[in-house]
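Peer 1: Let me give you the structure first, and then I'll get to my questions.
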Amino acid sequence: MKKITFIICLILFSFTSFSQSTNRVMDIFPQGTILYGNIPYTNDSLKKHLLDIYLPPTGKSSYPVVIWIHGGAWMSNDKYADMSYMKQTLKGFIDSGYAVASIDYRWSTMAIFPAQIQDCNQAIEFLYGIAPQYKLNREKFALIGFSAGGHLANLLGLSNNNTVKDFYADGKKPHFKIRLVLDFYGPANFFTLKGNDSKDPKNPINLLLGGTVADKPELAKEASPIAYIDKGDPPFLIVQGEKDESVNPDQAKALNTRLTAAGIKSELIIVPGAPHYGVMFDAENIRKRVFFFLKKYLK
């Protein structure tokens with residue numbers, strides 16, 4: 001038993017010491033934040049199958065977890081993305097006693113949908129399994145996603161109480177439960193999403209689906225979070241830019257309306273004059289609502 005404990009401690013130390021020097025966003029987090037970085041969540045060697053865990057320096061026995069899902073049109077960026085313009089929110093997570101887990105997933109240029117949601121489910125199930133070693137409270141998982149990451153967060157949250165075998169790498173429903181979704185301008189319905197009628201093979205939607213919405217209607221429906229809304233879904237806070245040039249605001253409005261009609265707690269914030277992403281989404285009034293929802297549903 002002592003040998004096993006020593007090995008686990010050695011592994012955790014390795015993840016901490018190596019990652020402190022390679023993590024390019026560590027200076028965003030409060031001083032003393034503990035990082036376990038580049039942890040593989042599958043049995044392969046893909047760089048897109050890694051995640052980072054950030055813990056508060058307070059030394060508690062466990063922490064509720066905010067799982068960060070980056071944007072990038074499903075075809076770019078990594079687990080550090082979106083952090084640079086959400087600095088105060090990130091600091092607030094750690095200062096308020098939340099762990100942050102940021103996950104990578106395969107780009108659409110590597111594998112078409114549902115590879116991305118399979119990766120997210122697998123990453124979160126991995127977090128659920130290793131929760132005790134990393135002081136994570138496996139009963140208090142929240143999602144925060146941005147753009148394409150918002151889409152994946154929406155889809156994870158809304159399909160979590162269903163059994164969608166295509167969404168699981170091994171076909172088995174995971175054990176974790178999502179308690180809250182913080183959606184920042186994530187697509188909700190591919191049939192009404194801006195650009196869904198494009199014939200350009202390099203269009204982000206076409207790359208994700210492996211064809212146009214018109215050519216892949218069943219896959220487009222399967223990939224649309226709005227298709228999974230029911231009364232068993234978690235609460236949502238939806239944040240959307242009024243002048244979003246990539247994800248039409250009607251996506252957020254329709255999602256909020258459908259959630260409310262199903263009896264799910266949902267709140268929509270339209271940020272006046274805001275584009276698709278940027279520091280306007282790190283504003284104090286938005287942070288107040290984010291932490292209100294976290295306190296209400298995770299603590």
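A short reminder: the numbers here are calculations on the coordinates, not readings from a lab. Being a predicted model, the structure only gives us computed values, none of them experimental. Don't worry about glycine lacking a Cβ; one is built from the backbone with ideal geometry, like all the others, and counts go over all protein chains shown.
Peer 1: Any idea what angle helix 115-130 forms with the longest principal axis of the chain, computed on alpha-carbon atoms, 0 to 90 degrees, nearest 10?
Peer 2: Relative to the chain, helix 115-130 is tipped by roughly 30 degrees.
Peer 1: Which order do SER159, SER61 fall in if you start with the one that has the fewest other Cβ atoms within 10 Å?
Peer 2: Ordered from fewest to most neighbouring Cβ atoms within 10 Å, SER159, SER61 come out as SER61, SER159.
Peer 1: Candidates (i) 56, 53, 45; (ii) 50, 45, 37; (iii) 59, 40, 35; which is the computed Cα extents along the principal axes in Å?
Peer 2: Label of the calculated value: (iii).
Peer 1: Sort HIS151, HIS175, HIS49, HIS70 by Cβ crowding within 10 Å, fewest neighbours at the top.
Peer 2: Exposure proxy ranking, most exposed first: HIS175, HIS49, HIS70, HIS151.
Peer 1: Let me ask something else about it. Of all chymotrypsin sites (Phe, Trp or Tyr not before Pro) in segment 147-223, which ones are in loop regions per DSSP and have a Cβ with at most 16 other Cβ atoms within 10 Å?
Peer 2: PHE191
Peer 1: On to the next question. Between segment 214-263 and segment 144-191, what's the alpha-carbon centroid distance in Å?
Peer 2: Centre-to-centre (Cα) distance: 11 Å.
Peer 1: What does DSSP give for the chain in terms of the percent of beta bridges that are antiparallel, rounded to the nearest 5?
Peer 2: 25
Peer 1: Which residue fluctuates the most in the chain, going by a Gaussian network model with Cα springs under 10 Å, if the choices are GLY145, GLY71, GLY273?
Peer 2: Comparing GLY145, GLY71, GLY273 in a Gaussian network model of the chain, the most mobile one is GLY273.
Peer 1: Now for a separate question. Going Cα to Cα from LYS199, which aspartates and glutamates come in below 20 Å? Please leave out same-chain ones fewer than 8 positions away.
Peer 2: ASP215, GLU218, GLU245
Peer 1: For every helix of n ≥ 4 consecutive DSSP H residues, a contribution of -39,500 (n - 2.57) applies; sum these over the chain, divide by its total residues, and give [θ] at 222 nm rounded to the nearest 500 deg cm²/dmol.
Peer 2: Roughly -10000 deg cm²/dmol at 222 nm, from the helical runs in the chain.
Peer 1: Let me ask another. Can you tell me the 0 to 90 degree angle between the C-alpha axis of helix 2-22 and the longest principal axis of the chain, rounded to 10?
Peer 2: 60
Peer 1: If I take all pairs of Cα atoms in segment 98-154, what percentage of them are more than 20 Å from each other?
Peer 2: 27
Peer 1: To the nearest 20 Debye, how big is the dipole of the chain about its Cα centre, given +1 on the beta carbon of each Lys and Arg and -1 on that of each Asp and Glu?
Peer 2: 1000
Peer 1: Measuring from centroid to centroid over Cα atoms, what is the spacing of segment 36-108 and segment 278-298 in Å?
Peer 2: When both Cα centres are located, 17 Å separates them.
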